[in-house]
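**Student:** Below is the structure I would like to discuss, written out as structure tokens.
The values are calculated or read from the model by the stated rules, or taken from the named source; none is laboratory data. Just so we're clear, the structure is a prediction, and the values are computed from it rather than from any experiment. Heads up, the Cβs are rebuilt from the backbone with ideal geometry, glycines too, and the neighbour counts pull from every protein chain shown. Areas reflect the complete protein model, heavy atoms only, side chains present, ligands, DNA and RNA absent. Shrake-Rupley method; radii C 1.70, N 1.55, O 1.52, S 1.80 Å.
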Amino acid sequence: MAKSSDIPFARDSSSFFISWISMLMVFIATLILATALITHDSVKNWHKDIAGSLTVQIPSYDSDGKKRGELLQSDTETALTIIRSADGVLGATVLSDAQMDSLMAPWLGEHITTTELPLPKLIDVTIDTKNLPDLNQIKADLSEQVPMAILDSHRIALSKLITLAQNIIRLVGIVLILILISLAFSIMFVTKSGLKVHRKVISLIHMMGASDFYITRQFANRSFYLTLIGGIIGFLIALPVMMFFAYYLNNLTGSFILNATLTHEQWGILTCIPVLTATLSYLTAFKTVWGDLKRSL
Amino acid sequence: MFEKNKLSSPIAEFNGVSFRYGHGSEILKDIQLTLDPGSFHFMTGESGAGKTSLLGLFYMNHLPTRGRVRLFGKAVDTLSRAEKAQIRRQIGVVFQDYRLLNHLNAFDNVALPLRIAGVKETEIKRHVSELLAWVGLEKQLKAFPPELSGGEKQRIAIARAVINRPQLLVADEPTGNVDDAMAKRLLYLFLELNKLGTTIVIATHNQNLIKHFRFDQLHLSHGRLERINPNIRNNGQ
Ligand SMILES: Nc1ncnc2c1ncn2[C@@H]1O[C@H](COP(=O)(O)OP(=O)(O)OP(=O)(O)O)[C@@H](O)[C@H]1O
Ligand SMILES: [Mg+2]
């Protein structure tokens with residue numbers, strides 16, 4: 001369509017502003033969303049690590065090397081009660097002597113029974129992977145009543161990381177929403193000023209019988225394209241920045257903790273950002289003009 | 001049957017219409033007016049009499065402050081937005097100050113009502129070129145309004161008002177900037193349109209035109225409207 005627009009948009013400087021602001025917004029949104037996606041993947045991996053069983057040890061000797069005997073038994077009971085009562089724990093059992101034997105067999109051989117050895121009591125805790133227990137709380141409760149109990153600390157660290165990561169993802173969500181809101185506000189103000197600047201032309205084509213949709217569409221289309229162009233540029237600028245960070249992170253952590261690569265689906269989500277912001281821009285401009293025209297005769 | 005029925009209902013009916021701008025004094029007072037389909041009227045009155053203001057009521061530039069205006073049989077104060085747009089598409093307006101779009105060339109300015117009405121580009125091309133040739137602007141198709149003379153702009157404004165063959169043509173001083181020969185030529189364009197059924201109201205100060213064409217006059221003075229039939233008056237003198 002070689003048809004030029006009825007409204008002389010080319011002559012107002014707001015075009016540049018729309019593209020510029022959407023470039024900036026999409027740039028930031030792409031970077032933080034990529035961060036969130038990578039974090040989300042890592043959280044999934046950490047969940048897998050944490051999943052299944054967790055072990056709590058009750059040592060059979062106290063710190064000055066004395067055998068604890070009956071105390072060991074009561075400590076184990078208390079620990080079991082604490083662990084079982086925690087939210088997200090599906091079950092907890094003390095490993096039987098037979099289980100201990102088979103566990104130790106690779107090291108000690110079949111013929112030695114573990115009852116002869118000063119082995120700690122092991123409590124096998126099955127946890128709900130969908131509703132992870134608060135390991136820190138369990139640890140705190142245990143250390144109060146069973147100071148000797150040892151909780152797998154790798155898991156605690158991981159569960160702390162998971163909490164941190166989940167908060168980061170939440171924060172990203174909030175920032176994304178703020179970005180979209182401020183973009184919508186910018187578009188609204190630019191559109192409003194456009195309506196003022198072009199009031200005479202609008203009223204003229206209105207008098208010629210142009211429907212509200214005819215006029216509104218021109219504003220909305222313009223907003224869409226300007227935002228899309230700015231957004232694509234912002235996205236393209238974000239790419240090398242992301243690649244640099246991915247390279248840097250993978251080198252730093254050896255991809256053990258973080259695996260800073262994106263799947264195809266995640267790339268798909270990221271490329272949606274310019275389209276989404278452009279659509280938001282279309283809808284905002286549409287709503288702004290539509291509402292304004294309703295007030296005209 | 002339907003066609004005849006449609007033709008017999010008035011294009012515009014003003015009933016006790018008064019109008020003022022904001023809190024200003026009343027410019028139009030108790031106007032009683034019926035425009036029959038296919039009629040041709042001049043609107044006269046001295047400068048400031050309210051011709052432009054009265055014409056504005058025909059294309060719903062503003063609503064009356066009192067009384068009721070009916071267009072094509074419908075009371076304008078009860079129309080939905082879509083209905084208003086639909087009615088406006090059947091009305092061609094030549095504005096006293098032309099109101100051409102400076103960022104569009106002559107061709108696109110004239111094509112505007114057709115585009116608004118959703119006419120196909122191939123048809124637009126044919127109609128617009130033809131009409132611009134008729135008003136003597138075939139060489140200025142690509143010219144932008146600021147590059148044109150007052151008379152040329154006026155002819156583009158007229159072409160734009162008639163391109164869509166409106167049911168009602170409202171022209172505010174459409175020949176103020178052209179010589180008498182061109183004014184007559186433009187009037188013949190309106191006459192052609194009138195023969196095809198368009199109802200026409202032309203506000204003008206040009207006594208030569210009024211005398212030459214002898215159409216009924218709607219004359220405004222002190223906010224009141226009176227009809228003058230030049231033939232009857234001449235006979236009487
Ligand atoms: N937008 C407006 N706001 C306030 N007053 C207006 C407005 N337009 C016109 N008027 C006043 O209304 C009166 C009628 O103006 P109008 O333009 O209808 O006269 P006219 O008959 O068309 O005059 P002319 O022959 O000079 O074009 C004038 O006194 C004018 O000052
Ligand atoms: Mg006037």
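**Student:** Taking the stated definitions as given, is residue B:38 away from ligand 1 (no atom under 16 Å from the Cβ) and assigned to a strand (DSSP E or B)?
**Tutor:** No: the conditions fail for residue B:38.
**Student:** Also, quick follow-up: Give the stretch B:169-208 a look and list any residue that's within 10 Å of the chain's Cα centre (by Cα) and within 16 Å of ligand 2 (Cβ to nearest atom), or say none.
**Tutor:** Correct list: B:170, B:171, B:172, B:173, B:174, B:201, B:202, B:203.
**Student:** If residue B:103 meets every condition in (1) within 8 Å of chain A (Cβ to nearest Cβ); (2) within 16 Å of ligand 2 (Cβ to nearest atom) apart from one, which number is that one?
**Tutor:** Residue B:103 satisfies every listed condition except (2).
**Student:** Which residue pairs have Cβ atoms under 9 Å apart, sit 6 or more places apart or on different chains, and have a first residue in the stretch B:33-51 that is within 14 Å of chain A (Cβ to nearest Cβ) and closer than 22 Å to residue B:68 by Cβ and a second that is within 15 Å of ligand 1 (Cβ to nearest atom) and not β-branched (Val, Ile, Thr)?
**Tutor:** Filtered contacts from the stretch B:33-51: no entries.
**Student:** Within the stretch B:151-174, is even one residue farther than 25 Å from residue A:199 by Cα and in a loop (DSSP other than H, G, I, E, B)?
**Tutor:** yes
**Student:** How do the pairs read when you match residues in the stretch A:251-268 that are modelled with pLDDT under 60 with residues anywhere that are among the hydrophobic types (A, V, I, L, M, F, W, C) and assigned to a helix (DSSP H, G or I), using Cβ under 8 Å and keeping only pairs 6 or more apart or on different chains?
**Tutor:** The qualifying pairs are A:257/A:161; A:258/A:38; A:258/A:249.
**Student:** Could you say which residue among B:92, B:16 is away from every other protein chain (no Cβ under 14 Å) and either small (Gly, Ala, Ser) or under 14 Å from the mean Cα position of the chain (by Cα) (or both)?
**Tutor:** Only one candidate passes the filter, namely B:16.
**Student:** Could I ask something else about it? Pairs needed: first member in the stretch A:150-172, without any contact (Cβ under 8 Å) to a residue 60 or more places away in the chain; second member anywhere, surrounded by 15 or more Cβ atoms within 10 Å (Cβ to Cβ) and basic (Lys, Arg); C-beta distance under 7 Å; at least 6 residues apart or different chains.
**Tutor:** A:156/A:139
**Student:** Now a separate question. Out of everything in the stretch A:191-244 that is touching an Asp or Glu at 6+ places or on another chain (Cβ under 9 Å) and away from every other protein chain (no Cβ under 12 Å), what residue ends up being farthest from residue A:282 (Cα to Cα)?
**Tutor:** A:197
**Student:** Could you go through the stretch B:59-75 and let me know if any residue there is within 16 Å of ligand 2 (Cβ to nearest atom) and more than 14 Å from chain A (Cβ to nearest Cβ).
**Tutor:** no
**Student:** For the condition closer than 30 Å to residue B:59 by Cα, open to solvent by less than 40 Å² (accessible area, probe 1.4 Å), assigned by TED's automatic domain parsing to the domain that holds residue A:278 and among the hydroxyl-bearing types (Ser, Thr, Tyr), what is the one hit in A:216, A:227?
**Tutor:** A:216
**Student:** Same structure, new question: Name every residue in the stretch B:120-142 that is in contact (Cβ under 8 Å) with a residue 24 or more places away in the chain, more than 19 Å from residue B:193 (Cα to Cα) and within 14 Å of chain A (Cβ to nearest Cβ), in order of residue number.
**Tutor:** Passing the criteria: only B:142.
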